[in-house]
Amino acid sequence: MSVGRPATEDGATEAGATKAAADGWWVGALSLANLGVWVGWFGPLQLLLARQAQQLAPDHKAATLALVTGLGAAVSMVANPVFGALSDRTTARVGRRVPWVVAGTAGGAAGLAVLALARSVPTVIAGWCLVQLALNASFAALTAAVPDQVPRRRRGLVGGWLGVSQVVGILVGTALATVAGGTGAGYLACATFSVVAALPYVLMRRDTALLPAARPAFRWRAFLTGFWIDPRRHPDFAWAWLTRFLMNLSYSISTMYLLYYLTDAVHYADDADTGVLVLTALNALTMLATVVISGARSDRSGRRKPYVIRSGLVISAATLLLAVWQTWTGAVVASLILGIGFGVYTSVDFALLTDVLPTAQDRGRDLGVINIANAMPQVLAPVIAAPVVTHLGGYTALYALAGALALVGSVLVRRIRSVA
């Protein structure tokens with residue numbers, strides 16, 4: 001079992017990075033831990049929170065779900081860059097990322113346990129905010145480990161495997177929520193899985209260590225102002241942030257109301273929970289078919305932008321199908337197409353993002369700022385979706401909006417200049 005290696009100005013040494021990237025055990029353990037984070041997030045997001053909102057506030061289920069998920073996403077938006085920055089400065093002997101994986105996983109499991117016992121909306125809010133706070137600490141550390149240890153020429157491939165873990169995590173979280181035997185049991189099943197999934201990565205202890213002498217003096221003003229990355233000095237970082245924000249806003253709008261879409265628009269004849277699981281599984285099937293292959297091809301070609309642009313166009317087409325073809329068959333076809341687009345996007349866009357980070361020593365912080373583009377859409381999606389569904393055209397307008405956002409995000413990728 002190896003201890004953390006000292007980090008250089010460029011993170012891990014190139015030899016160490018190559019070794020880590022070539023070591024399938026490390027990539028597998030990293031992907032499994034990442035899978036556990038996605039299970040902890042999407043078991044609740046796909047089914048459990050919607051089911052709980054329906055149980056606790058049946059006459060205001062959409063507004064209650066929007067409140068819970070919006071507040072949780074607001075916590076996530078702050079937590080990810082803060083924990084990423086703290087991990088950049090951590091001088092633990094085992095490395096600067098592993099301690100945050102341990103703390104985040106434990107805290108996330110505790111938050112899921114609170115949700116399992118919740119009998120009121122305020123308790124649900126508290127539990128979900130704790131889940132978002134803690135799992136973002138783990139996610140920020142796991143994400144930063146990739147540019148720490150993997151050279152640029154291999155990041156598309158590793159990003160592909162992280163994409164696999166995201167896809168499987170969403171599927172496993174949805175399956176656990178469906179078959180566990182109740183809302184409380186679903187939360188506890190997701191908590192258990194998240195803890196077990198993190199163990200191999202933690203026990204490997206393969207991490208970059210920051211020597212105490214290399215840690216800069218802590219000053220609150222510098223720490224807080226560091227989260228502002230001037231788009232005039234780093235325009236490619238700014239465009240990458242904006243395009244990811246738009247794509248994730250499209251995705252959040254598309255998935256957050258899927259349960260209600262099946263019941264209220266498609267009028268799905270069977271159990272809607274099962275319908276969500278089936279669509280999630282089909283989406284995962286086509287994502288898995290494209291996510292690793294596209295990342296590897298992007299590495300070999302040295303090109304990122306064409307893959308991201310085309311995948312965004314596919315995503316836009318899938319969401320527009322949901323807008324105009326509101327039948328079970330339409331939902332199935334759209335889910336399959338959506339999986340193809342997101343499979344390519346997930347792996348290659350992650351590699352693109354790591355190529356435009358402003359500084360090596362602040363990777364955790366900068367990726368945390370990027371991850372605000374993942375969290376903020378969860379805040380905005382319910383704020384946007386609820387009035388659109390209720391007053392501005394229903395689900396047709398909602399999914400047309402999601403398609404338009406993905407289309408704009410695809411076009412703006414062309415503004416990134418430093419990546420091919």
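The values are calculated or read from the model by the stated rules, or taken from the named source; none is laboratory data. Bear in mind that the values here come from a model prediction, so they are computed numbers and not experimental data. So basically every Cβ, Gly included, is an ideal-geometry build from the backbone, and we count neighbours across all protein chains shown.
The condition (being in a helix (DSSP H, G or I), among the hydroxyl-bearing types (Ser, Thr, Tyr), over 16 Å from Arg414 (Cα atoms) and without any contact (Cβ under 8 Å) to a residue 12 or more places away in the chain) is satisfied by just one residue among Thr255, Thr286, Thr263: Thr263.
Just checking, which of Ala351, Ala386 is over 23 Å from Pro306 (Cβ atoms) and in contact (Cβ under 8 Å) with a residue 12 or more places away in the chain? Criteria check complete, one pass: Ala386. Among residues belonging to region 70-128 that are buried (at least 24 other Cβ atoms within 10 Å of the Cβ) and charged (D, E, K, R), point out the one that is farthest from Leu210 (Cα to Cα). Per the criteria, the residue is Arg97. Among residues that are at pLDDT below 95 and not small (Gly, Ala, Ser), Leu176 is included. Among the residues of region 401-412, are any β-branched (Val, Ile, Thr), under 22 Å from Phe237 (Cβ atoms) and under 21 Å from the mean Cα position of the chain (by Cα)? Scanning region 401-412 turns up at least one residue that is β-branched (Val, Ile, Thr), under 22 Å from Phe237 (Cβ atoms) and under 21 Å from the mean Cα position of the chain (by Cα).
The set of residues in region 222-276 being touching a helix residue (DSSP H, G or I) at 6+ places or on another chain (Cβ under 6 Å), charged (D, E, K, R) and closer than 21 Å to Ser311 by Cβ consists of Arg244 alone. Just to be sure, is Thr178 in contact with a helix residue (DSSP H, G or I) (Cβ under 8 Å, 6 or more places away or on another chain), of a type in the set (Val, Ile, Thr), touching a residue at least 60 places away in the same chain (Cβ under 8 Å) and not in a helix (DSSP H, G or I)? The answer is no for Thr178. Search region 205-237 for residues being of a type outside the set (Asp, Glu), at pLDDT 85 or above and crowded, with 17+ Cβ neighbours inside 10 Å, and hand back the single one that is farthest from Arg97 (Cα to Cα). Going through the qualifying residues, I end up with His234. When Thr105 is tested against the conditions (1) in contact with a Lys or Arg (Cβ under 8 Å, 6 or more places away or on another chain); (2) in contact (Cβ under 8 Å) with a residue 60 or more places away in the chain, the lone failure is (1). Taken together, the residues in region 364-378 that are in contact with a Ser or Thr (Cβ under 8 Å, 6 or more places away or on another chain) and charged (D, E, K, R) amount to 1. Being without any contact (Cβ under 8 Å) to a residue 40 or more places away in the chain and under 25 Å from Leu258 (Cβ atoms): is that true of Val314 here? Answer is yes for this residue.
Being assigned to a helix (DSSP H, G or I), closer than 16 Å to Tyr260 by Cβ and not charged (D, E, K, R) holds for only one residue in Leu49, Leu86, and it is Leu49.
Out of contact with any helix residue (DSSP H, G or I) (no Cβ under 8 Å at 6 or more places or on another chain) and touching a residue at least 40 places away in the same chain (Cβ under 8 Å), is that true of Arg89? Against the criterion (out of contact with any helix residue (DSSP H, G or I) (no Cβ under 8 Å at 6 or more places or on another chain) and touching a residue at least 40 places away in the same chain (Cβ under 8 Å)), Arg89 qualifies. No other residue among Ile372, Ile293 is more than 24 Å from Trp239 (Cβ to Cβ), out of contact with any Cys (no Cβ under 7 Å at 6 or more places or on another chain) and touching a residue at least 12 places away in the same chain (Cβ under 8 Å) apart from Ile293.
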